[in-house]
Structure formats: structure tokens, C-alpha cells
Amino acid sequence: MYPEGVSDSTTSLEEIYGSLLDQVPLLANRDSLSELSGGLTNRNLLVHNGEKKYVARISSNSSTLLSIDRESEYENSKIAATVGIAAPVLDYLPGQGLLVIGYLHGQTYSAADVASNLSRIAQSCRVLHAAPAFVRDFNMFEIQRTYLGIVKERGFRLPSDYLDFADHIMQIQKAMKILDEGTVPCNNDLLPGNFIDDGEKIWIIDYEYSGNNDACFELGNIWAEAFLDIEQLEELVTAYYGQSRPEKFARAWLQALLAKYGWTLWASIQSSISELDFDFWSWGMEKYQRAQSEFSSEMFSKMLKQVSEK
């Protein structure tokens, strides 16, 4: 949670968060405190305690409007850690927005790193997806509808022709039901920065949107968030399944399109409620413009057909 009326530009991290961190024995005798990059719904602090390092993830109460459940994040983070794909979970203060995890030494990925390591990323995804079931589900069809209700109810900004594509979403949902193979534990928010490479394996971090979902949502989202070429989506899907799977390729492409459409509303909500200094609306409109183009493309009709043919 972010204290009301406090400006980070004039107040130190210790002044803002010190009393909260003091409630965790691991962090109480810290030597230093600094902020890590990333995080559009939370603050990530690096805590030095002697030779040990910890990460304190501090969330805002307003994140509940974004379909984030911090209890689920905590439980799912623990599950992912048990299969060796996520950082260990060390402490949690329910109701206070503080999750403490171990610090992972390694390279935080860029989009170029994702493009160069698709087979290894596929392997890490398989490890995560083989974990015990997460404590909640994640379904972008449902989340998009929830976001839309919030945007309408509160009068938040909405692209003028956003609702014109509602029928396209119905077509996607109908087509993907035909070869639906169920859900697996997914991160659901795999931006390049949520991969950390220690030289031996690629870790997956940040489980605030985690939930049981279609594996192809994960693959499509990785591809879309790294702005990769269409050939690289096929490479990722093939690496994940161990062989060419045209229907899974189509499924991942359609799930990525659904994600762009849904995250557009996430950006609308964030642009109205977030205390962070970030242009959420422009970020969302970039995704929406890509979605507009794909809805209107020949690829859309092709993928609708291909996703239901095995």
C-alpha cells in the first residue's frame, strides 16, 4: 500500500516503508534499502541484510480492481517455488500488502533475450505448468468482462470503437471450446522482465496474476509482450509441445489477441486509479491498436478455423 500524501521524490524509502518492513524479522536489521525496476501494480524493494538479499513486494490496495488477489499470489508463489521455478517465499503480511521472497541472482531478460531463448523458456513453462494446481483460476474472457463492467460503472476512458469487437471475442471463445484441453498453473503475465536467467535455468517471477489457465494463453502472452515475429510464436509453441501443433499455434495467437483486448481495459483502470508515474493510457492504446489490426486481418479468420482442426 502507498501512504497517502507521500511523495517519493522528497521522502526516502526508509521513511515510507521502514515501519512496515520492521514487522518482518528477516528485514528488521537491514543494512540498506533500494528500489528494483519494474512493477506497475506494486513496488519491489531490494533489502540487504549482511550478505543476504531479499525482495519485498509492496502492493497497493487499489489492485483489487485489477482482479489481483494477494492471498492467491502468496499461495501460488509458494506452489511455484516448490517445483523450483520461482523464488522462495519467506514471509507475508496479509492485509498489509507485503510479500517477502528470496533474491534470485541472474540476468533479467529483455525482449531480445526472450527471442534468443525460446526453447529454454518453453522448458521453464513446462515445469511451471506441471506444478500442483493453483488456488484460483484465471480466464481472460471473464476478466475482460469484469474490467469492462468497472470501466463503464466508474466512467473510465474507453476507446470509441472498443465494443465493436465484442462479436469477435464471442467467435474466439466458441472456436476454442472445440479442442479445449483444460487448464494448468500459469503465471499469465510473462513480460520479458519476469524471466531471470541464472545461467543454468530460467526462473519465472511475479505471480500476482497467476491462476489455472490455458497453457496457450501463457505462450501467446510471452510472444506478444516481447513483440516477437510470428515465426517466433511458432518456434515457441513447437518447443513447448515438442512437435509442430498448428491448432496450438492458432490457439496461442488468438489468446494473445484476447489478452491485448483485455489488457486495454486494465490500462484504462490503471490510468484512473494508479499512484505510479506512468502513462498507462498510452501503454493500453498501443495494445488496443495491435488488437484492432489483428481483428481486421486475414489471419483472424484463418486462426479461427485452424484452432478447431486437429
Quick check on my filter: what residues within region 116-158 are more than 18 Å from the chain's Cα centre (by Cα) and small (Gly, Ala, Ser)? Ser116, Ser119, Ala130, Gly149, Gly155
Options Ala252, Ala267; residue that is outside the structural domain of Ile79 (by TED's automatic domain parsing), surrounded by 24 or more Cβ atoms within 10 Å (Cβ to Cβ), within 30 Å of Gly84 (Cα to Cα) and without any contact (Cβ under 8 Å) to a residue 40 or more places away in the chain: Ala252
Reported set for region 153-187 where residues are in contact with a strand residue (DSSP E or B) (Cβ under 6 Å, 6 or more places away or on another chain) and assigned to a loop (DSSP other than H, G, I, E, B) is Thr183, Asn187
What number goes with the only condition from (1) part of a helix (DSSP H, G or I); (2) more than 30 Å from Glu231 (Cβ to Cβ); (3) among the aliphatic types (A, V, I, L, M); (4) in contact with a Ser or Thr (Cβ under 7 Å, 6 or more places away or on another chain) that Leu148 does not pass? (4)
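For region 236-310, give me every one of the helices (runs of 4 or more DSSP H) that falls completely inside it and has 3 or more residues that are among the aromatic types (Phe, Trp, Tyr).
Numbers: elements: 246-273, 280-295, 298-306.
Passing ranges, in order: 246-273, 280-295.
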Across (1) in a helix (DSSP H, G or I); (2) modelled with pLDDT of 95 or more, Phe227 clears everything bar (1)
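The values are calculated or read from the model by the stated rules, or taken from the named source; none is laboratory data. Note that this is a predicted model, so its numbers are computed, not measured. Ideal geometry is used to build each Cβ from the backbone, glycine not excepted, and the neighbour counts take in all protein chains shown.
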